[in-house]
1. Given charges of +1 on the Cβ of Lys and Arg and -1 on the Cβ of Asp and Glu, with all other atoms neutral, how large is the dipole of segment A:66-340 about its Cα centre, in debye to the nearest 20?
2. Among A:147, A:275, which comes first, then next, by fewest other beta-carbon atoms within 10 Å?
3. Placing +1 on the Cβ of each Lys and Arg and -1 on the Cβ of each Asp and Glu in the protein assembly as shown, which of B:115, B:9, A:380 has its Cα farthest towards the positive end of the resulting dipole?
4. Looking at segment A:274-356, which chymotrypsin sites (Phe, Trp or Tyr not before Pro) are in a loop (DSSP not H, G, I, E or B) and have at most 13 other Cβ atoms within 10 Å?
5. Evaluate E = 1/(1 + (r/R0)^6) for residue B:139 and residue B:62, where r is the Cβ-Cβ distance and R0 equals 30 Å; express this FRET efficiency to the nearest 0.05.
6. Got a sec to turn the phi values of segment A:390-407 into Karplus ³J(HN,Hα) couplings, 6.51 cos²θ - 1.76 cosθ + 1.60 with θ = phi - 60°, whole Hz, x for Gly and Pro?
7. Using the charge dipole of the protein assembly as shown (Lys, Arg: +1 at Cβ; Asp, Glu: -1 at Cβ; taken about the Cα centre), state which of A:26, A:105, A:361 has its Cα farthest towards the positive end.
8. Do any trypsin sites (Lys or Arg not before Pro) in segment A:296-333 lie in a loop, going by DSSP, with at most 14 other beta-carbon atoms within 10 Å of their beta carbon, and if so which?
Amino acid sequence: MSNFIHSVSLNVSKCKGCTSCLRRCPTEAIRIKDGHAVIDSERCIDCGECIRACPHKAKKAVCNPFEKINEFKYKVAMPAPTLYGQFNNLDDIDFCLQGLLDIGFDDVYEVSYAAEFISGYTRLFLKKENVKKPVISSACPVVVRLINLRYPSLCDNIMPIIPPMELAAIFARQRAKKKHPELKDEDIGICFISPCPGKSSYVVNDELGKKENVDVVLAMNDIYFRLLAVMKGERTPRPLSKSGLLGIGWAVSGGESSALLSDKYLAADGLENVIQVLEEIDNGKLPELDFVELNACNSGCVGGILTVENPYIAKAKMQSLRKYLPVSGAHPDGDIPDDAYFENTNNFKPIQQFSDNMQESMKLMSEIQTVCSTLPEIDCGSCGAPTCLAFAEDVVLKGADINNCIINMKDYLLQKLEEKKDESYDS
Amino acid sequence: MSKAINFHYVVDGDDFTSAGEASVDIKRKLRQLGVDPAIIRRVSIAMYEGEVNMVIHAEGGTVDVNVYEDKIEMILSDEGPGIANVELAMKAGFSTAPDYVRSLGFGAGMGLPNMKSYTDDMKIDTKIGVGTTITMVVNLK
């Protein structure tokens, strides 16, 4: 876990150590040290909340530069359906796909089309025996990582079927080889156009436990501006899009669930809501549900940090785009293929446990309680930790200096000052 | 043997929606201590039921969780009306919750039976007009 490569990076020279990101981090992964933020790699889930919160633009999502596509002879663009919601007055997805060809790709493969296969597989999977319900969607990598780190008892609820992006990559590669048998594997570059850094880390870390099928992850906002330059609508695009409205719907929270054609589902978006729902599942308090769709970003992928448009506006645009589409373009038949399964290897260590030895943990806990009782409990963040409790934990577990609490320090200094005054009166 | 660790919570009686905050917090603490997830779940469910009971019937109260090396003890105390017939209250489906509470989806008469079934030991100490103290124990070994 410690060698996990993250896709959220910090520009130290821009960071003022202002604590804006500190309290927004859902896993308390950030501390302010020596005047700037430090991200704890073991706790970070690449949700991008700190990028949103940073007023100094010091945090950035890391993707591949566009030029990386030139390392491949045959470049396939794989747009997430969220891309279609970014444009004004787009009435035909083909304009967008044609645009991708115009900016230098040799082929396009829609992730939404593969999503329709995944929806079909999910419907089959839910009917299988011995499936632990509710089944939790594996589509949002941030949610999967959050569960692995914080809800070990729910790991088995994660659907062991690969996300649409991955299946699209398999299909796209197969199609490339069919069209051009002369191409070698390394000649083909599968380039995913991503709405978020979470998907980027998913790819660079080979999260399936095997080599990913995606080669390049491009930031949606970068591709958007390149597309604007070529999407003038001057000529009729080639008919390229094959997706139906079910596949396109995956871009918005609730879309994946509604494609299951069942009403025993729950769809939640935004990390705060996601965490609440996971707590409820963990407590067995939810009504009987077959499926739970969780998206870390507000409104789903349209709320991703690498998008251009406001999520609600993007959502409205996608609704009008979907109006004239068939229900589904893909019609998967037969059972779920073997290569659509993955094993959630879960080599994540639960982040919260103090020590492997309970006696030791209890000793540490009691020290933390003692330290915490001396703190002001105002969670101001000035010490560099998000809350007084987190600071107490840092003091006991990581040797943080208790004098970093400036509230207590102020009282201490005032007291010293009084003592000095008294002394001078006495003399 | 090291001393028990105590976690003290005040359950606010005014607000239904906040019932359960203590049981969420205790989960985090028990995870930090490395308690088995299955046990954490039992503690949390039993405590949640107890919290809801205190909000419905007693305008809130306090919860003290004592973690020992071999057991977890939960003491829920309130100054509510007391339980008139403990035997009846322990019956699945029996409830004295008012209608508006039921309309919110609570008051199904499963609170006390659930608390008993998720714990290894439960004692009810109640006095009409004075209050109720429920002590539950979940063994760690």
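1. 400
2. Sorted ascending by nearby Cβ count, the order is A:275, A:147.
3. A:380
4. For chymotrypsin sites (Phe, Trp or Tyr not before Pro) across segment A:274-356 that sit outside H, G, I, E and B with at most 13 neighbouring Cβ atoms in 10 Å, the list reads A:324.
5. Result of the calculation: an efficiency of 0.80.
6. Couplings: 4, 5, 4, 5, 5, 4, 6, 8, 10, x, 5, 7, 4, 6, 6, 7, 6, 5 Hz.
7. Highest projection toward the positive end goes to A:105.
8. Those that pass, being in a loop and sparsely packed, are A:323.
Every read-out reported here was derived from the displayed coordinates using simple, explicitly stated rules and does not represent laboratory data. Please read these numbers as outputs of a predicted model, since none were measured by experiment. Glycine gets a Cβ as well: all are built from the backbone with ideal geometry, and neighbour counts include every protein chain shown.
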